[in-house]
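The values are calculated or read from the model by the stated rules, or taken from the named source; none is laboratory data. The shown structure was predicted, so the numbers you read here are calculated from the model rather than taken from an experiment. Counting neighbours? That spans all protein chains shown, and the Cβs are built from the backbone with ideal geometry, glycine included.
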């Protein structure tokens with residue numbers, strides 16, 4: 001009997017046998033493997049075989065320090081069934097720096113491999129996920145960028161065909177209603193309507209203010225800023 005990675009061989013015991021030597025190797029070449037089996041046993045499970053491969057198996061009876069003639073058979077393991085890919089792989093939420101991915105798990109999978117890269121070129125990244133996963137928050141992305149994302153199911157050394165999706169992160173919001181609300185000899189006060197979800201703002205101006213300052217980073221909650229150190233008439 002054989003499964004894709006194990007084959008059981010049996011034989012009729014030889015009276016007086018103290019042990020048996022089981023030797024196996026691929027018919028298409030490769031090193032031999034062997035195992036010694038006690039004389040009272042008449043079967044052996046050959047482990048770690050490859051699916052869809054024929055092996056030559058030899059069994060030799062040992063009586064003390066004497067060896068009998070080996071008996072050989074050919075064992076062919078069944079082809080390994082292809083691993084199913086995940087289904088319903090999709091993006092359910094998208095923000096400027098994050099995409100939420102979901103899928104239907106594959107029965108028998110021991111894990112998943114997620115791979116992503118910018119569609120316009122750039123570094124490829126990957127993340128291995130446990131078999132229990134059915135969603136993943138893909139973070140650290142660039143706003144307004146298109147990404148090519150694929151996922152494969154894993155089972156031991158086997159890997160399925162990938163399921164793929166292309167998604168675009170949300171473009172950065174644009175400030176609206178920017179206006180000057182107060183002007184003094186060396187300063188101005190600016191106000192604007194905040195952008196929902198913004199983590200910060202970059203305010204810049206020319207020519208430089210006193211001390212050479214040309215810009216400032218403001219917190220995402222800001223909706224106004226006074227810029228001082230300006231030169232009269234500029």
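Numbers below:
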read-out	value
Residues satisfying the stated conditions in region 14-40, i.e. surrounded by 13 or more Cβ atoms within 10 Å (Cβ to Cβ) and part of a loop (DSSP other than H, G, I, E, B)	14, 17, 18, 39
Whichever residue in region 1-13 is loosely packed, with under 15 Cβ neighbours inside 10 Å and more than 45 Å from the chain's Cα centre (by Cα) and, among such residues, is farthest from residue 56 (Cα to Cα)	13
Pair list, Cβ under 7 Å, 6 or more apart: region 134-156 residue in the same structural domain as residue 200 (by TED's automatic domain parsing), other residue modelled with pLDDT of 90 or more and part of a loop (DSSP other than H, G, I, E, B)	none
Conditions (1) over 30 Å from residue 81 (Cα atoms); (2) in a loop (DSSP other than H, G, I, E, B): number failed by residue 182	(2)
Top-ranked residue of region 147-170 - restricted to ones that are modelled with pLDDT under 85 and outside any strand (DSSP E or B), ranked as surrounded by the most Cβ atoms within 10 Å (Cβ to Cβ)	170
Identity of the residue in region 192-227, modelled with pLDDT of 85 or more and over 44 Å from the mean Cα position of the chain (by Cα), that ends up surrounded by the fewest Cβ atoms within 10 Å (Cβ to Cβ)	226
Total residues in region 61-70, condition assigned to a strand (DSSP E or B), surrounded by 13 or more Cβ atoms within 10 Å (Cβ to Cβ) and in contact with a strand residue (DSSP E or B) (Cβ under 7 Å, 6 or more places away or on another chain)	2
Unique residue being surrounded by 10 or more Cβ atoms within 10 Å (Cβ to Cβ), within 13 Å of residue 99 (Cβ to Cβ) and modelled with pLDDT under 95 when the list is 173, 144, 122	144
Unique residue being assigned by TED's automatic domain parsing to the domain that holds residue 24 and modelled with pLDDT under 90 when the list is 65, 69	65
